[in-house]
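The values are calculated or read from the model by the stated rules, or taken from the named source; none is laboratory data. Bear in mind the structure is a predicted one, so any value in this text is a computation, not a measurement. Counting neighbours? That spans all protein chains shown, and the Cβs are built from the backbone with ideal geometry, glycine included.
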Amino acid sequence: MRRLSTDDSAAPASASAALDRFPAFERLPGTLEAGLILLCDHASNALPPAYGSLGLPKAELQRHIGYDIGAAGVTRMLAHRLGCPAILSRFSRLLIDPNRGEDDPTLVMRLSDGAVVPGNRHADAAEIERRLALFHRPYHDAITAEIEAALAAGIVPVLLSIHSFTPVWRGVARPWHAAVLWDSDPRFTRELIDALEAPGDLIVGDNEPYDGALRGDCLFRHATLRGLANTLLEIRQDLIAEVEGQRAWADRLAGLLPAILARPELHEVRSYGSRTGPVPPI
């Protein structure tokens with residue numbers, strides 16, 4: 001199988017079968033009774049061999065444009081501590097972004113934080129469809145299966161998505177240690193913000209530096225449309241770039257989440273709509 005050149009945008013036809021064997025997601029087993037499903041949309045900077053490095057130097061893939069630094073480690077440790085299931089992506093967001101809707105124009109990035117992505121330059125509709133079928137949809141199908149299993153067992157799960165953000169953006173330092181992003185459902189979010197702020201040692205962003213209302217994103221698709229309590233936690237990358245920091249954050253979250261998850265209203269299906277526009281009735 002040949003690797004793609006820096007100008008190629010699609011896997012060669014002979015590589016299709018091999019791409020089928022590249023796992024799109026990793027599932028960490030856990031008890032449904034935990035009432036929590038962890039998600040990590042940008043867990044990995046890996047690329048299928050047929051795509052090479054998308055024409056990028058290795059150093060670019062190791063930056064935040066390739067994945068959310070430290071997020072996977074926090075997710076795995078937290079899942080272990082709480083005994084809850086977790087779904088993590090196994091491909092770089094530069095291949096296709098699982099935290100974007102299928103019709104989002106940033107689904108396959110041709111330019112990311114100043115880096116031109118040669119392997120995406122000529123990605124046409126057929127190539128994007130191939131990536132959706134092989135990577136994006138299997139990841140989301142795994143999340144759907146986890147939710148359906150919980151509901152079938154009579155458990156309404158809470159969804160927590162773990163991400164990370166850069167300490168500096170375009171020359172401006174970001175003061176937040178963590179940020180909690182959400183759309184319209186306040187149930188989980190308010191409790192999590194209050195718990196993180198309570199010790200007094202953290203600056204916690206509320207829908208900053210990003211806004212959690214993004215139509216078609218992972219939580220919109222799996223939580224907002226279903227009426228499931230949810231939130232997205234962003235942790236500053238310099239705090240979790242190393243194992244020690246990941247362990248500290250997993251310990252912190254494992255210490256405060258059980259009390260929050262014990263609240264019965266979090267395990268009810270409720271529709272709060274979306275700030276992005278009308279949501280179909282549940």
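Numerical summary
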read-out	value
Members of the range 83-103 that are closer than 15 Å to Ala72 by Cα and β-branched (Val, Ile, Thr)	Ile87
Out of Arg187, Arg131, sole residue that is modelled with pLDDT of 95 or more and closer than 21 Å to Leu266 by Cβ	Arg187
In the range 7-32, the residues that are of a type outside the set (S, T, N, Q), out of contact with any helix residue (DSSP H, G or I) (no Cβ under 7 Å at 6 or more places or on another chain) and at pLDDT 95 or above	Glu26, Pro29
Positions within the range 59-75 being in a helix (DSSP H, G or I) and surrounded by fewer than 23 Cβ atoms within 10 Å (Cβ to Cβ), in sequence order	Ala59, Glu60, Leu61, Gly73
Segments classed as helices (runs of 4 or more DSSP H), wholly inside the range 161-268, with at least 3 members that are of a type outside the set (A, V, I, L, M)	187-197, 243-261
Lone qualifier among Leu56, Leu78, Leu94, Leu88 - being on the phi < 0 side of the Ramachandran plot, assigned to a helix (DSSP H, G or I) and in contact (Cβ under 8 Å) with a residue 24 or more places away in the chain	Leu78
Hits in the range 104-128 - residues which are surrounded by 12 or more Cβ atoms within 10 Å (Cβ to Cβ), at pLDDT 90 or above and either in a helix (DSSP H, G or I) or of a type in the set (S, T, N, Q) (or both)	Thr106, Pro118, Gly119, Asn120, Glu127, Ile128
Filtered residues of the range 254-282 (kept if over 26 Å from Met77 (Cα atoms) and either out of contact with any Asp or Glu (no Cβ under 9 Å at 6 or more places or on another chain) or at pLDDT below 95 (or both))	Glu265, Glu268, Val269, Gly277, Pro278, Val279, Pro280, Pro281, Ile282
Test result for Ser53, modelled with pLDDT of 95 or more and hydroxyl-bearing (Ser, Thr, Tyr)	yes
Residues that are surrounded by fewer than 16 Cβ atoms within 10 Å (Cβ to Cβ) and either aliphatic (A, V, I, L, M) or closer than 21 Å to Ala72 by Cα (or both), drawn from the range 168-201	Val168, Val172, Ala173, Ala198
Only one of His163, His122 that is under 24 Å from His267 (Cβ atoms) and in contact with an Asp or Glu (Cβ under 9 Å, 6 or more places away or on another chain)	His163
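Yes/no per residue for (1) within 16 Å of the chain's Cα centre (by Cα); (2) under 18 Å from Ile143 (Cα atoms); (3) among the polar types (S, T, N, Q); (4) surrounded by fewer than 18 Cβ atoms within 10 Å (Cβ to Cβ):
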| residue | (1), (2), (3), (4) |
| --- | --- |
| Ile203 | no, no, no, yes |
| Asp206 | no, no, no, yes |
| Cys218 | yes, yes, no, no |
| Leu232 | yes, yes, no, no |
| Arg252 | no, no, no, no |
| Leu257 | no, no, no, no |
